[in-house]
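Working notes for the structure below.
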Amino acid sequence: MATGQATAATAFLEVSDLRVSFPTPDGVVQAVDGVSFTLERGQTLGIVGESGSGKSVTSLAIMGLHSRRACNLAGTIRLAGEDLLAASPRRVRDLRGRRMAMIYQDPLSALHPYYSVGWQIAEAYRAKNTASRKSAWDRAVEMLDRVGIPQPDRRAHDYPHQLSGGMRQRAVIAMALSCDPELIIADEPTTALDVTVQAQILELIKDVQAESGTSVIIITHDLGVVAKVAERIAVMYAGRIVESGSVDRVFESPQHPYTWGLLASMPRLDRDRRDRLTAIPGSPPSLVDVPGGCPFHPRCPHVGATGGLCVTSRPPLHDTGQDHWTACHLDDAVRSLIFSEEVKPSL
């Protein structure tokens, strides 16, 4: 596998050469272009990148939520050895909720406004289990209590608009956990929450994983979230993974210029508050017309160090050591020199 993290024989989730494209009047949008990674049981993977990098499209492909009539999918997605792309839509629906579940970015949109949160959790449970309405309701109250909502027996009768943003997100997590899935995908689960509630939600996800051994994929643009909860990280740009490895290795010794830019743009407590954040120049490319070669080369300050190779040739992911992968044409020695002399002092 490109990430080198696990073999197909041991990985719980294996995504191999995943490609997702959408035909549009302006051309074909290549939203995901050859993404590969693996995830072991009980492990947390953070997928990071700017908006439009393909993070959410990848997660929806794993969940089987793309319409085959609206997009083209290729590659392999194996969950516990079962190929989800080759499975029937009915089979994927059966797995969804029971073996894999998703926590959405906007809980107010994920919850139906006309039904109480307890009713919605109970119905999600009954859809995958043989249970009476009474036992399903008891399960809903139990799950609300599990995710830390006070007075769960009373709150179960509340409608989504009656809950705070943090409570709504907890209710969505309770619904995702109701059938004890083995894989949870959290798509920007803390974006709309204040800092204190963000920390609570992240701790909740970590606690749930510790209790049940669930595999987790956290999709975010916030590297701080990944540093707090994930063990491995995959950095995406223009539908491709440009760097991956353990969180410790990637944060201590990032190998791709795009990762350098993301880290430099993060606010730091040890910096002077008057210092301006360093932005990555330019904008992400249109996925209808992705630049040739390395898609990051129009924004990369080191493009001239490869003799034009960045412009003409797509860099493959290669292992730079200690299961740390990058897709960059810079020679390892040159990259190390640039990082130590130019990049690291500014991080």
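List the helices (runs of 4 or more DSSP H) that sit entirely inside region 211-323 and contain at least 1 residues that are in contact with a Cys (Cβ under 7 Å, 6 or more places away or on another chain).
Values: elements: 223-229, 247-252, 257-264, 309-312.
Where helices (runs of 4 or more DSSP H) fall fully within region 211-323 and carry at least 1 residues being in contact with a Cys (Cβ under 7 Å, 6 or more places away or on another chain), they are 257-264, 309-312.
Kindly establish whether Pro152 is more than 20 Å from Arg98 (Cα to Cα) and in contact with an Asp or Glu (Cβ under 6 Å, 6 or more places away or on another chain). Walk me through it before giving the result.
Details: more than 20 Å from Arg98 (Cα to Cα): yes; in contact with an Asp or Glu (Cβ under 6 Å, 6 or more places away or on another chain): yes.
Judged against the criteria, Pro152 is a match.
If a residue has to be touching a helix residue (DSSP H, G or I) at 6+ places or on another chain (Cβ under 7 Å) and in a helix (DSSP H, G or I) to count, how many in region 324-338 make the cut? Working first, answer last.
Of the residues in region 324-338, the ones touching a helix residue (DSSP H, G or I) at 6+ places or on another chain (Cβ under 7 Å) are 324, 328-330, 334.
From the residues that got through so far, the ones that are in a helix (DSSP H, G or I) too are 334.
Counting residues in region 324-338 that are touching a helix residue (DSSP H, G or I) at 6+ places or on another chain (Cβ under 7 Å) and in a helix (DSSP H, G or I) gives 1.
So for region 285-293 (the condition being within 25 Å of Gly239 (Cα to Cα) and in contact with a helix residue (DSSP H, G or I) (Cβ under 6 Å, 6 or more places away or on another chain)), does at least one residue qualify? Steps first, answer last, please.
We begin by selecting, within region 285-293, every residue within 25 Å of Gly239 (Cα to Cα); these are 285-293.
Pick out the ones that are also in contact with a helix residue (DSSP H, G or I) (Cβ under 6 Å, 6 or more places away or on another chain) and you get 291, 293.
Yes; the residues of region 285-293 include at least one that is within 25 Å of Gly239 (Cα to Cα) and in contact with a helix residue (DSSP H, G or I) (Cβ under 6 Å, 6 or more places away or on another chain).
Of all residues in region 127-153, how many are assigned to a loop (DSSP other than H, G, I, E, B) and more than 17 Å from Pro181 (Cβ to Cβ)? Break it down into steps so the answer makes sense when it comes.
We begin by selecting, within region 127-153, every residue assigned to a loop (DSSP other than H, G, I, E, B); these are 129-132, 147-151.
Add one more test, that the residue is more than 17 Å from Pro181 (Cβ to Cβ), and what stays is 130, 132, 148-151.
Qualifying residue count, region 127-153: 6.
In region 1-23, which residue that is modelled with pLDDT of 95 or more and of a type in the set (Val, Ile, Thr) is farthest from Leu95 (Cα to Cα)?
Ranking the qualifying residues of region 1-23, first place goes to Val20.
Conditions tested, residue by residue: (1) of a type outside the set (Lys, Arg); (2) modelled with pLDDT under 95; (3) crowded, with 19+ Cβ neighbours inside 10 Å.
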| residue | (1), (2), (3) |
| --- | --- |
| Tyr114 | yes, no, no |
| Gly118 | yes, no, yes |
| Val141 | yes, no, yes |
| Pro150 | yes, yes, no |
| Tyr159 | yes, no, no |
| Ser164 | yes, yes, no |
| Gln169 | yes, yes, yes |
| Ile173 | yes, yes, yes |
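List pairs: first residue in region 237-253 and under 14 Å from Leu223 (Cα atoms) and touching a residue at least 60 places away in the same chain (Cβ under 8 Å), second residue part of a strand (DSSP E or B) and among the acidic types (Asp, Glu) anywhere in the structure, Cβ distance under 7 angstrom, at least six positions apart or on different chains.
Every condition considered, the pairs that remain are Val250/Glu243.
Which of the residues spanning region 74-100 are of a type in the set (Ser, Thr, Tyr) and either closer than 22 Å to Ile121 by Cβ or touching a residue at least 12 places away in the same chain (Cβ under 8 Å) (or both)? So that I can check it myself, show each step before the final result.
To start, the set of residues in region 74-100 that are of a type in the set (Ser, Thr, Tyr) comprises 76, 88.
Once the filter is applied, which keeps residues that are of a type in the set (Ser, Thr, Tyr) and either closer than 22 Å to Ile121 by Cβ or touching a residue at least 12 places away in the same chain (Cβ under 8 Å) (or both), region 74-100 yields only Thr76.
Output the residue which, of all residues in region 182-200 that are of a type in the set (A, V, I, L, M) and surrounded by fewer than 23 Cβ atoms within 10 Å (Cβ to Cβ), is modelled with the lowest pLDDT.
Ala192
Among the numbered conditions (1) farther than 18 Å from Ser59 by Cβ; (2) modelled with pLDDT under 95; (3) buried (at least 24 other Cβ atoms within 10 Å of the Cβ), tell me where Val226 comes up short.
Checking Val226 against (1) farther than 18 Å from Ser59 by Cβ; (2) modelled with pLDDT under 95; (3) buried (at least 24 other Cβ atoms within 10 Å of the Cβ), the one that fails is (1).
Looking at (1) at positive phi; (2) without any contact (Cβ under 8 Å) to a residue 60 or more places away in the chain; (3) in contact with a Pro (Cβ under 9 Å, 6 or more places away or on another chain), find the lone condition where Asp17 falls short.
(3)
Across region 107-130, what is the total count of residues that are farther than 10 Å from Tyr159 by Cα and hydroxyl-bearing (Ser, Thr, Tyr)?
Summing the residues that are farther than 10 Å from Tyr159 by Cα and hydroxyl-bearing (Ser, Thr, Tyr) in region 107-130 gives 3.
Starting from region 21-37, keep only residues that are at positive phi, then list their pairs with residues that are surrounded by 18 or more Cβ atoms within 10 Å (Cβ to Cβ) and assigned to a loop (DSSP other than H, G, I, E, B) whose Cβ atoms are within a distance under 9 Å, requiring at least 6 positions of separation or different chains.
Cβ pairs passing all conditions: Gly34/Ala2; Gly34/Gly239.
Looking only at strands (runs of 3 or more DSSP E) that lie completely in region 32-126, which have at least 1 residues being under 22 Å from Trp325 (Cα atoms)? Quick ask: steps written out before the conclusion?
On the way: elements: 44-48, 72-79, 100-103.
In region 32-126, the matching strands (runs of 3 or more DSSP E) lie at 44-48, 72-79.
The values are calculated or read from the model by the stated rules, or taken from the named source; none is laboratory data. Treat the numbers as computed from the prediction; the structure is a model and nothing was measured. Cβ coordinates were reconstructed from backbone atoms using ideal geometry, including for glycine residues, and neighbour counts include every protein chain displayed.
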